[in-house]
Amino acid sequence: MKKVDVHISDIINSQRIDVAYFTEKIGEASFVPLSKYVEIKGGKRIPKGKSFSQEKTNYLYLRLSEIDDSGIINYDSLKCISEDLFNTLQRYEIKNDQVVFSIAGTIGRVFVIKDIPSDKRIVLTENCAKIQPKTEQVLSDYISILLNCSFVQKQIERNKIQTTIPKIGLDRIAKLKIPEITSLDLQKEIIHIYQNAQNARLKKTNEAKRLLNSIDDYIVDVLGIVNTEHKEQSNSFYKQKISSIIGGRFDPPQFHPERTETLDKIKKGNWCKLRSVIHNVKTTTSSISKNDTYVGLENINGDTGEYVITNEKESISSAALFKKGNILFPKLRPYLNKVHRAQFDGCCSTEFHVFEAHDIHPDFLTIVLRSNLVLAQTKHLMTGNTLPRLQTTDIENLIIPYPDMDVQVMIVDFVRNIQYKVNLLKEDGNRLIDDAKLKIENIILR
């Protein structure tokens, strides 16, 4: 049996008495506090009574859910804040080459901020800390890699506060123990190893996206739809018969050639309106507990439609209830493709239209609703400039292919096979990163 000597001051400082905590600390004796090399500051939430800007501005707000697993940020998708609000929160600004560290929910995700547009200023969410090296002899990319190493991640796990939403304080981050920072040349060598692994994973990711993009081509091929590329017309006059607008919308986008051409393609085969194959789920609630599984738009992966856990929730006053198997279709920004078939019971943002499928394969319906055949329709039905959205009636009137059940099953089987291959590529990419981390740890700790 291994004996571990623990000083009473360590128990007082850590407020821990479990054996595992101190056993895992063996080997960290020669390490130094992270704060020796970096400054650590918090982010900030939007103050009570304030909100995001309804207009486009050069001032943005960064949430962890908007950083992908590779650390890439689509700055065009970030929510805007007013210049006055930015001036109030300016001390929480995040800049290029600073490290972001998640401190709530999924703790310990670490990224280096890159490629902020020159005309943009960004405030960091309160659920993250920002880390800045104190000298030029310490590289941000190296700090990020170091914090992702297993011997630091284990410390992060030990130091998190076990509440409803797990958290870690800035003081505890500062006390994380790391090996003495090595020379600039060795830092650069380690960064090179890690970036090579990231690039290799990116190739896997791009192959996965290619496979996902092939789904649309397969669908139109099986359904016998000619998949011709729309070319914009030089004028904006769309002639329509009066009978086609009686009892419906008559705004010009409704009759945009791209939309009407898509409808013409679908109507060459069997088709129906969405409302004829769904039952709406209309139950809403205002009593949401912290233990409820809540699904916001940020929880749906736009590439795959899968549910993903994020650290942040919007302020929730009411939600739509759903059951396992229900389909969640986004009213807000439908072009982000946040269509999801629920894998559990829960509640979701009221920005989703919730329904269940009937007389149609539910997985086929979900696939079709995520396809370009539907996206091309929604593109010209949205109202609102800053927060473009669909009305419930427009969603229910979407035209969808409605082939025989054997064709629906064939398409579902094809997509499931694609998703299986995509998951394998994702696992291979993650394995490349894990192997690189192991190699790097051996270099750092030798």
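The values are calculated or read from the model by the stated rules, or taken from the named source; none is laboratory data. Only a predicted model underlies this, so the values are computations on that prediction, with no experimental measurement involved. We place every Cβ from the backbone using ideal geometry, glycine too, and count neighbours over all the protein chains shown. Please note that ligands, DNA and RNA were not included when accessible areas were found on the heavy atoms of the full protein model with its side chains. Shrake-Rupley method; radii C 1.70, N 1.55, O 1.52, S 1.80 Å.
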Go through the stretch 340-446 and name the chymotrypsin sites (Phe, Trp or Tyr not before Pro) that are in a DSSP coil and have 16 or fewer other Cβ atoms within 10 Å of their Cβ.
PHE344
When the Kirkwood hydrodynamic radius is evaluated over all pairs of different C-alpha atoms of the stretch 316-446, what value in angstrom, to one decimal, is obtained?
17.4 Å
With every protein chain present, what accessible area does LYS177 have (1.4 Å probe, heavy atoms only), rounded to the nearest 10 Å²?
70 Å²
Skipping prolines and chain starts, which residues have an amide H placed within reach, meaning under 5 Å, of the one on CYS272, given they are 5 or more residues away or on another chain?
ILE400, TYR402
Amide H to amide H under 5 Å from GLY43: which residues, 5+ apart in sequence or cross-chain, H placed 1.01 Å off N in plane?
CYS128, LYS130
What do you reckon, how do HIS279, HIS380 stack up by accessible area (1.4 Å probe), largest on top?
HIS279, HIS380
Could you pull out every residue, at least 5 positions away or on a different chain, whose amide H is within less than 5 Å of the one on HIS353? Hs are placed 1.01 Å off N in the peptide plane, and Pro or chain starts have none.
PHE329, LYS331
Cross-link pairs LYS203/LYS439; LYS95/LYS379; LYS95/LYS421; LYS120/LYS338; LYS177/LYS209; LYS324/LYS426 - those with Cα-Cα distance over 28 Å:
LYS95/LYS379; LYS95/LYS421; LYS177/LYS209
Taking the alpha-carbon distance from LYS282 and a cut-off under 16 Å, which aspartates and glutamates remain once sequence neighbours fewer than 8 residues away in the same chain are dropped?
ASP345, GLU351, GLU356, GLU396
Counting only protein heavy atoms and leaving out ligands, DNA and RNA, the solvent-accessible surface of THR284 at a 1.4 Å probe, in Å² to the nearest 10, equals 90 Å²
Can you compute 3J(HN,Hα) from phi for each residue in the stretch 207-214, using the Karplus curve 6.51 cos²θ - 1.76 cosθ + 1.60 with θ = phi - 60°, rounded to whole Hz and x for Gly and Pro?
5, 4, 5, 4, 5, 5, 5, 6
May I ask which residue of LEU186, VAL152, TYR142 lies farthest towards the positive end of the charge dipole of the stretch 95-213, with charges of +1 (Lys, Arg) and -1 (Asp, Glu) on Cβ and the Cα centre as origin?
VAL152
Heavy-atom accessible area order for THR383, THR260, largest first, 1.4 Å probe
THR383, THR260
Leaving ligands and nucleic acids out of the surface, order TYR402, TYR142 by accessible area at 1.4 Å, largest first.
TYR402, TYR142
